[in-house]
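Quick notes on the structure that follows.
The values are calculated or read from the model by the stated rules, or taken from the named source; none is laboratory data. On a predicted model such as this, the values are computed, not experimentally measured, just so you know. Please note: Cβ atoms are built from the backbone with ideal geometry, for glycine as well, and neighbour counts cover all protein chains shown.
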Amino acid sequence: MSLSSLSAAFRCLSFTPRRAFSTTLPAQTTKQLPEHIPPYPYGPNLWFKQSNTGLYGGAMIQFGNKISKGRNKGKTRRSWKPNVRRKKIYSDALEEHLFIKVTRRALRTIYKAGSLDNYLLDDRPARIKEMGIFGWELRWKIMQTPKIQEQFKEQRKKLGLPEPLSLEEWMKSKEKEIEEQVDRYMDIKELTKPTLNANSVRRED
């Protein structure tokens, strides 16, 4: 056996045990809503996925240059991340404290609105857009509580609006509409009824 083959064989040997874990961070997955919750009109944030896990108030990571002055003049790329805190905020509708990742900007807006429920139940497009997919899911949970449902019922009475259909009634009405459409499309008697052409009638005369 030659010296080169021996060196190649020893080179493949390793006396250090292999690591059973990886130091590489897992890729961030995009948050998806459960099927029973209506879809979020603006969709999840694909650029700054961290904002899908809390109330960031539309804050995003920003990139720019750090300009040095003096002897070492130049530009250095850097980033600015939102000021995120983990706060315990009380929800009147859910009647419990929630630990939420929230930015100082969103927290200031919650204090101005009066409570977390008022912040999430605001129906302005700008508010719905800034609450993100996390706030949309929390908003749906708050709207399903008996306390908020009672408020909606009182508002409908003041405005003179009818009571919304229950899920079973809505399903029955949809089934009737589908059956009517199927019967309308399946009725081909009028479409297949023979018609006389004007030219053929003249030739017979």
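List of remarks:
Condition check ((1) surrounded by 11 or more Cβ atoms within 10 Å (Cβ to Cβ); (2) farther than 30 Å from Ile61 by Cα; (3) modelled with pLDDT under 90) across all residues:
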residue	(1), (2), (3)
Glu96	no, yes, no
Thr109	yes, no, no
Lys158	no, yes, yes
Glu168	no, yes, yes
Lys176	no, yes, yes
Val182	no, yes, yes
Leu196	no, yes, yes
Glu204	no, yes, yes
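- Subset of the range 77-121 [more than 20 Å from Gln144 (Cβ to Cβ), outside any helix (DSSP H, G or I) and among the aromatic types (Phe, Trp, Tyr)]: Trp80, Phe99
- Taking every residue in the range 88-111 that is within 20 Å of Ser51 (Cα to Cα) and pairing it with any residue that is among the aromatic types (Phe, Trp, Tyr) and not in a helix (DSSP H, G or I), at least 6 positions away or on another chain, the pairs with Cβ-Cβ distances below 6 Å are Lys88/Phe99; Thr103/Tyr56.
- Any hit, the range 139-147, residues being at pLDDT below 85 and either among the basic types (Lys, Arg) or surrounded by 10 or more Cβ atoms within 10 Å (Cβ to Cβ) (or both): no
- Tally of residues being surrounded by 12 or more Cβ atoms within 10 Å (Cβ to Cβ) and over 23 Å from Asp122 (Cβ atoms) across the range 36-80: 3
- For the residues Ile37, Ile67, the requirement of being at pLDDT below 90, aliphatic (A, V, I, L, M) and touching a Gly at 6+ places or on another chain (Cβ under 9 Å) singles out Ile67.
- Applying the criterion of being of a type in the set (A, V, I, L, M) and not in a loop (DSSP other than H, G, I, E, B) to the residues of the range 52-70, the residue that is farthest from Ile133 (Cα to Cα) is Ile67.
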